[in-house]
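The structure appears below as structure tokens.
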Amino acid sequence: MKFVPTELIPDVVLVEPRVWPDDRGFFFESYHRAKFEAAGIPDPFVQDNQSRSIRGTLRGLHQQRTQPQGKLVRALAGTIWDVAVDIRRGSPTFGKWVGVELSGENRRQLWIPKGFAHGFVVLSDTADVLYKCTDLYKPDDELGIAWNDPTVGIEWPLAEAPLLSPKDAEAPLLAQVLDLLPELGA
């Protein structure tokens with residue numbers, strides 16, 4: 001297993017598994033607690049979530065205010081463009097984002113620590129996405145940020161307007177929720 005800090009925001013880490021293919025298919029280890037801890041990802045995972053979405057669906061950008069979740073994200077099938085936005089007040093990379101392609105074919109995962117908003121858009125006909133969370137989902141604690149906030153400037157690989165949930169379509173700009181964001185190191 002290889003852990004590669006992203007260039008712009010090293011706290012967000014791309015996890016590349018070692019894959020053993022053979023005539024029957026393949027095998028790989030998607031999570032190994034000791035290896036993740038050695039790579040500086042010590043948080044225990046307490047909840048797994050899975051979604052299936054169609055092409056053009058954009059989910060995000062999400063985080064929780066007082067009960068933030070770190071997330072380990074991967075596409076089981078299909079292809080997504082996965083994005084993490086640093087929303088930690090006081091961070092030198094505040095408001096910056098990283099995006100990577102995750103797919104059932106490349107089997108890569110993205111570690112998104114607490115204090116980052118997360119979202120993805122589906123690039124294939126459908127995509128099944130699984131993410132492990134370091135804290136439980138708490139609906140009344142959720143914080144959304146507009147997927148198209150011009151101050152963040154995410155370069156989504158979209159040919160047309162995405163399919164959004166009503167909640168995501170109404171999400172505020174980052175500047176409108178500054179007082180709700182976590183402090184760096186909190």
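Throughout, read-outs are computed from the coordinates displayed, never taken from laboratory work. What you see is a predicted model, and the numbers here were worked out from it, not measured in a lab. All Cβ positions, glycine included, derive from the backbone under ideal geometry; neighbour counts span all protein chains shown.
Quick look at the numbers
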| item | result |
| --- | --- |
| Residue-by-residue Karplus 3J(HN,Hα) for segment 161-176, coefficients 6.51, -1.76, 1.60, Hz, glycine and proline x | 4, x, 8, 10, 6, x, 4, 5, 5, 9, 4, x, 6, 4, 5, 7 |
| Max mean-square fluctuation residue, GNM over the chain, Cα-Cα springs under 10 Å, options 25, 104, 90 | 25 |
| Within segment 14-55, trypsin sites (Lys or Arg not before Pro) in DSSP loop having at most 12 other beta-carbon neighbours inside 10 Å | 18, 24 |
| DSSP-assigned coil residues among GluC sites (Glu not before Pro) in segment 112-186, each with at most 11 further Cβ atoms within 10 Å | 155, 160, 170 |
| Sparse-neighbour loop sites [GluC sites (Glu not before Pro); segment 1-107; at most 12 other C-beta within 10 Å; DSSP] | 7, 29, 105 |
| DSSP-defined beta bridges in the chain - what % are antiparallel, rounded to 5 | 95 |
| Rg [Å, one decimal], Dmax [Å, integer] - the chain, C-alpha atoms | 16.0, 55 |
| GNM top mover of 12, 85, 98 - the chain, alpha-carbon springs below 10 Å | 98 |
| Restraint check, 2/167; 71/167; 132/167, Cα-Cα greater than 30 Å | 2/167 |
| For q = 0.25 Å⁻¹, Debye-computed log10 I/I(0) when each Cα of segment 26-105 counts as one equal scatterer | -1.48 |
